[in-house]
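Following: one structure in structure tokens, then a few remarks.
The values are calculated or read from the model by the stated rules, or taken from the named source; none is laboratory data. The shown structure was predicted, so the numbers you read here are calculated from the model rather than taken from an experiment. As a convention, Cβ positions derive from the backbone with ideal geometry for all residues, glycine included, and neighbour counts pool all protein chains shown. Each accessible area value is taken on the protein alone, full model and side chains, heavy atoms only, with ligands, DNA and RNA left out. Shrake-Rupley method; radii C 1.70, N 1.55, O 1.52, S 1.80 Å.
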Amino acid sequence: MGASVKIIEMLQAMKKAGIALDEQAVLSAGHQMAFGYLAPDGVRPSFPGVSLGLLREVAYAPYDVANEFQIERNFVQAGENAGRRVAKESGAKDVKALNKSLAEFLKASGVGSPSFSEEKAERSTYPAQVLRLDESAFAAGMPVINKPYCHYVRALLRGAYVAFYELENVDVKETKCWGMGDDHCEFRAAVFPK
């Protein structure tokens, strides 16, 4: 059994036993928490030139001075702005072209290795868009905290689909995440009636 699995199991056992776990401290030290997932030089296999230590230090250090809501709000605003920009600059005429632009942006930015699919969305005339993100810069190798880490990516998708469809009623949920015990992150975007 790998060290990362043992540590995650230990953290889960501590929580079940009622031992207080300071999630703020865990998140603020996120770059140190990629238990055995990262290569010794701190890079992900598909992104040899992108330092996760620096990214996570910048992304999670504010947890030392601000509350979780404020930090999440910053990630969401930055993600929505970027998503709207990607949609506008892509000039996509259909959702497949938009997804291709989003995938290129995520890969080029070092955010992760993306793949898109579609599935039927109940109560919507538009199919739901599903993004699987391997090697998430925000979450890969991070400890299980029973909630998702990838607020930026979730908001990036929402911003892109809001701009593309010219509708505000777009809902994006992170359905899988390292923070919830998964080995990849997954997002489902759907347009709902007003």
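Is there a residue in region 141-152 that is small (G, A, S) and out of contact with any Leu (no Cβ under 7 Å at 6 or more places or on another chain)? No: zero hits.
Contact map, region 83-103: residues that are loosely packed, with under 15 Cβ neighbours inside 10 Å and acidic (D, E) paired with residues that are modelled with pLDDT of 95 or more and part of a helix (DSSP H, G or I), Cβ distance under 9 Å, separation 6+ or inter-chain. Pairs shown: E89/S101.
So that you can scan it fast, the table gives a plain yes or no per residue for (1) in a strand (DSSP E or B); (2) more than 15 Å from the chain's Cα centre (by Cα):
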| residue | (1), (2) |
| --- | --- |
| R85 | no, yes |
| N99 | no, yes |
| S117 | yes, yes |
| S124 | no, yes |
| R132 | yes, no |
| A137 | no, no |
| P143 | no, no |
| P193 | no, yes |
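Residues in region 154-169 that are open to solvent by less than 10 Å² (accessible area, probe 1.4 Å) and of a type in the set (S, T, Y): Y161 only.
Out of Y165, Y161, report the one residue that is of a type outside the set (A, V, I, L, M, F, W, C) and under 17 Å from Q77 (Cβ atoms). Spell out how you get there, then give the answer.
Numbers: Y165 fails: under 17 Å from Q77 (Cβ atoms).
Testing whether each residue is of a type outside the set (A, V, I, L, M, F, W, C) and under 17 Å from Q77 (Cβ atoms) leaves just Y161.
Being under 25 Å from F47 (Cβ atoms) and modelled with pLDDT under 95 is a property that does not hold for D171. Whether any residue in region 139-153 is open to solvent by 10 Å² or more (accessible area, probe 1.4 Å), within 26 Å of K93 (Cα to Cα), out of contact with any helix residue (DSSP H, G or I) (no Cβ under 6 Å at 6 or more places or on another chain) and at pLDDT 95 or above is what I want to check. For region 139-153, residues open to solvent by 10 Å² or more (accessible area, probe 1.4 Å), within 26 Å of K93 (Cα to Cα), out of contact with any helix residue (DSSP H, G or I) (no Cβ under 6 Å at 6 or more places or on another chain) and at pLDDT 95 or above: absent. If I ask for residues that are within 21 Å of A121 (Cα to Cα), of a type outside the set (A, V, I, L, M, F, W, C) and over 11 Å from the mean Cα position of the chain (by Cα), which ones from region 169-191 would you list? Once the filter is applied, which keeps residues that are within 21 Å of A121 (Cα to Cα), of a type outside the set (A, V, I, L, M, F, W, C) and over 11 Å from the mean Cα position of the chain (by Cα), region 169-191 yields N169, D171, R188.
If you filter region 170-187 down to residues that are in contact with a strand residue (DSSP E or B) (Cβ under 6 Å, 6 or more places away or on another chain), part of a loop (DSSP other than H, G, I, E, B) and touching a residue at least 24 places away in the same chain (Cβ under 8 Å), you find that the one that is surrounded by the most Cβ atoms within 10 Å (Cβ to Cβ) is C177.
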